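Below is one structure; the comments refer to it alone.
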Amino acid sequence: MRLSRYFLPVLKENPAEAQIVSHRLMLRAGMIKQAQAGIYSWLPLGFKVLRKIENIVHEEQQRAGHIPLLMPTMQSADLWRESGRYDDYGEEMLRITDRHGRDMLFGPTNEELITDIFRSHVSSYRDLPLTLYQIQWKFRDEIRPRFGVMRGREFLMKDGYNFDMDYEAAMRAYDRHMVSYLRTYERMGLKAIPMRADSGPIGGEDTHEFLVLAETGESEVFYDSAITDLKLGDREVDFADAAQLRAICEEWTTPYARTDETHDEAKFNEIPEERRRSSRGIEVGQIFYFGTKYSEPLGASVQDAEGKKVDVHMGSHGIGVSRLLGAIIEASHDENGIIWPEGVTPFHVGLVNLKQGDEAADAACEQIYAALNIVGLEPLYDDRKERAGGKFATMDLIGLPWRITVGPRGLKNGVVELTSRRSGESEELPPEDAVKKLAEIYAPHLVKSL
Ligand code: P5A
């Protein structure tokens, strides 16, 4: 993409309404624009990151064997009356009446709708286990929408639902989700810690929230610092291997880690003092097991091998897709702007022409731009007639992890400059070597479009 033809409305000034750094930087980098309280338009740069995050979520869900589908945002109140949640859900649910006087709602979550799909089409134990998921907009009429996309009213969620024969099978689905979430967040460059939590309006006893540690987080958390050393890394995970999944979950759930809702001071004090931590965290996901809470009232049952009808055991699993942009920026920025992890960056590399209009510099930039595209990378080429300082400031603000700087002086020696946004370190090398190096760096991070 050429910056002269892109739509990147960066702001020079700090927007007064933004209280936390991620909100400020998303506005300044021209990623979002508030439409109403807690409701945002996703401008091209923000939309590009949102799509990258979605793609990683899709890849990891499908790796775990989960099946994508898409349900509507508008739901019928009748289904929620069947489950008993229509009255229980409270003020956060946006209720709407259509022209025929029928009660509808903008879905805050989809347990009822998916259970209705299941009961209409599945009647045998042979069709289980089954996990369906979607990435779809949700609406919760939050009393205090704030911090930009972090606590929105309209927000994008990945929501998945498992259907299993019994408790043991449903817990295998729980484990599978925990491990696939660990992989998902790691690929986004995040450390998200599973913590025992409270299930709120979704229900059930077994639930873990995934928290990214950050001072601006809305949750108070208590944990054993040993948990922050754990990493999946590049170990091979076989999602059909229940024992392996259990072992990974044991590893992550043995050290103490709880949100304030389930915090147990006595247990916490059993951790050696130097490892006891209390801080704040951003909830980027939550998994639940709630058994037959929805299948029973909605009549979602299957016949078992003996022909007996059993209510299916269910759980649901959510990732805050739009919130993740805020969480990643909170975890990865400096005083000059965002620093995107390679896995989610909107463009892989910024190409800065120090002297637009100079024949040699223009030609070299065109060549590098073409070569980057050929190796499958997306460059953002700043081809505007601007001062070098202004171009660098824009690149730093929007946070591309790598920058290639091209100028007449370097070209005389056959070199360009490759700079890391994170370390600030630069090296001079021939243009083709810079391209080759970037192709190698990004090889593990190139996400297929699904
Ligand atoms: C699990 C999927 C559920 O709704 N039902 C379907 C279950 N869980 S949850 O914890 O309530 O939400 C899942 C994730 O969505 C994000 N989230 C939000 N993001 C932005 N703004 C909001 N107002 C908001 N509310 C929830 C969180 O990341 C949460 O973990």
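Considering each residue of the stretch 59-71, count those that are open to solvent by 40 Å² or more (accessible area, probe 1.4 Å) and not in a loop (DSSP other than H, G, I, E, B), and give that number.
So the answer is 4.
Quick one: in the stretch 200-235, which of the residues that are part of a helix (DSSP H, G or I) and near the ligand (Cβ under 10 Å from one of its atoms) is least open to solvent (accessible area, probe 1.4 Å)?
Among residues in the stretch 200-235 that are part of a helix (DSSP H, G or I) and near the ligand (Cβ under 10 Å from one of its atoms), the one least open to solvent (accessible area, probe 1.4 Å) is 202.
Out of all the residues in the stretch 227-286, which are of a type in the set (Gly, Ala, Ser) and without any contact (Cβ under 8 Å) to a residue 60 or more places away in the chain?
Those that are of a type in the set (Gly, Ala, Ser) and without any contact (Cβ under 8 Å) to a residue 60 or more places away in the chain: 233, 243, 247, 266, 278.
Being surrounded by fewer than 19 Cβ atoms within 10 Å (Cβ to Cβ), among the charged types (D, E, K, R) and within 20 Å of the chain's Cα centre (by Cα): is that true of residue 191 here?
Taking the combined requirement at face value, the residue satisfies it.
Could you identify the single residue in 295, 301, 332, 316 that is in contact with an Asp or Glu (Cβ under 7 Å, 6 or more places away or on another chain), modelled with pLDDT of 95 or more, polar (S, T, N, Q) and away from the ligand (no atom under 16 Å from the Cβ)?
301
For the stretch 255-314, which fully contained strands (runs of 3 or more DSSP E) count at least 1 residues that are surrounded by fewer than 14 Cβ atoms within 10 Å (Cβ to Cβ)?
Once the strands (runs of 3 or more DSSP E) in the stretch 255-314 are filtered for at least 1 residues that are surrounded by fewer than 14 Cβ atoms within 10 Å (Cβ to Cβ), what remains is 276-291, 301-303, 309-311.
Need at least 3 residues that are open to solvent by 10 Å² or more (accessible area, probe 1.4 Å), within 18 Å of residue 4 (Cα to Cα) and touching a residue at least 12 places away in the same chain (Cβ under 8 Å) per element, so show me which helices (runs of 4 or more DSSP H) inside the stretch 333-450 make the cut, counting only ones lying wholly within it.
359-374, 388-398
In the stretch 114-144, which residue that is farther than 23 Å from residue 176 by Cα and open to solvent by less than 40 Å² (accessible area, probe 1.4 Å) is farthest from the chain's Cα centre (by Cα)?
Among those that are farther than 23 Å from residue 176 by Cα and open to solvent by less than 40 Å² (accessible area, probe 1.4 Å), it is 142.
Residue by residue, here is whether (1) over 29 Å from residue 189 (Cβ atoms); (2) open to solvent by less than 60 Å² (accessible area, probe 1.4 Å); (3) at pLDDT 95 or above; (4) over 19 Å from the mean Cα position of the chain (by Cα) holds:
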residue	(1), (2), (3), (4)
2	no, yes, yes, yes
11	no, no, yes, yes
73	yes, yes, yes, yes
88	yes, no, no, yes
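The values are calculated or read from the model by the stated rules, or taken from the named source; none is laboratory data. The model shown is predicted, which means the values in this text are computed figures rather than measured ones. Here the Cβ is made from the backbone with ideal geometry for all residues, glycine too, and neighbour counts use every protein chain on show. Ligands, DNA and RNA are stripped out before the accessible areas are found, and what is left, the full protein with its side chains, is counted by its heavy atoms. Shrake-Rupley method; radii C 1.70, N 1.55, O 1.52, S 1.80 Å.
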